[in-house]
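**Q** I'd like to ask some things about the structure below.
Here, each number is a calculation from the coordinates, and none is a lab measurement. The shown structure was predicted, so the numbers you read here are calculated from the model rather than taken from an experiment. All Cβ positions, even for glycine, are placed from backbone atoms using ideal geometry, and neighbour counts span all protein chains on display.
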Amino acid sequence: MQFLMGSLATYLDMEAERRANELKYECLLFDMDDTLYPMSSGLNLACRKNIEEFMLHHLNIEESEVPRMCLELYREYGTTMAGLKAIGYEFDDDEFHAFAHGRLPYEKLKPDPVLRNLLLSMPQRKIIFTNADKAHAAEVLQRLGLEDCFEGIICFETLNPPLGTANYMDALDDDEVLASGEPQHSDLDDADTNSKPRILCKPSLEAMEAAIRIADVDPKRTIFFDDSVRNIASGKAAGLHTVIVGSSVLVPGADHVLSSIHNIKEAIPEIWEGEGEHLEQVIPSSASAVEALVLA
């Protein structure tokens, strides 16, 4: 019996590899906020208000300047947090994330069985790629009922590990961890050793290329889903196939457009091409499942 079970397991592994090679795409890279759930949830607006309060009360920025500064830094640096750090403000990353995300109305997010079934029916590897921190990613995925639908999470901690920690290539030795990070990059080696590394985040091309390396994927066989026009443009520049989500029009750099993530099967049926008699993917969940999934 043990021989038969071992032979079956070997056969299933070989079949899974064969199916993966037959598929047009090998990996699906998903943004999370305003992509896996609609912007109408209100989390985006609530997060912005929290960030503005942090700037006002923790950084003592003039109240009349906060809204303009928040928006301008977001546009120039990818996130307001990255911009604040870049222009010299000092604060703890975890403290900022706790303030920005800790008071969000997560109760507005409900389990999404339709999206869950769609994700589990997709034969490719599926990875989250978000600028947010791992605690926020874990909370969102749990609220949506999607915590066991992804192989890993590339998040803030992945791309911005504490100085002196191992780099993301070391983390790839652990099959369960995608969210380690890339220590700040070689171009900084020429800078003053006392200078502080900038925050790496979307939409920078550097962040896109780091995510591709961390996930260990071929960009030509990877689809990137995001609600941000500028993230889509960077994804395309990095060689990814791209899908703009939450839009009714195709934007520069996008190969496909989805008004909702739920329309994915109608809009991109090639995700399932070559699938054959696909055995549904099930990633065992546990209390610490999302934490283990962070590619760190």
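**Q** If you average 1/r over every pair of different alpha-carbon atoms in region 28-113 and take one over that average, what Kirkwood value in Å do you get?
**A** With all distinct Cα pairs of region 28-113 included, I get 14.0 Å.
**Q** For a protection proxy built on the mean count of beta-carbon atoms within 10 angstrom, sort 61-68, 242-249, 257-264, 77-84 highest first, please. List each step's numbers first, then the result.
**A** Values: 61-68: 12.0, 242-249: 19.0, 257-264: 17.0, 77-84: 22.0.
Sorting 61-68, 242-249, 257-264, 77-84 by mean packing, highest first, produces 77-84, 242-249, 257-264, 61-68.
**Q** Going Cα to Cα from K108, which lysines come in below 27 Å? Please leave out same-chain ones fewer than 8 positions away.
**A** Excluding near neighbours in sequence, the set is K49, K126, K134, K202, K265.
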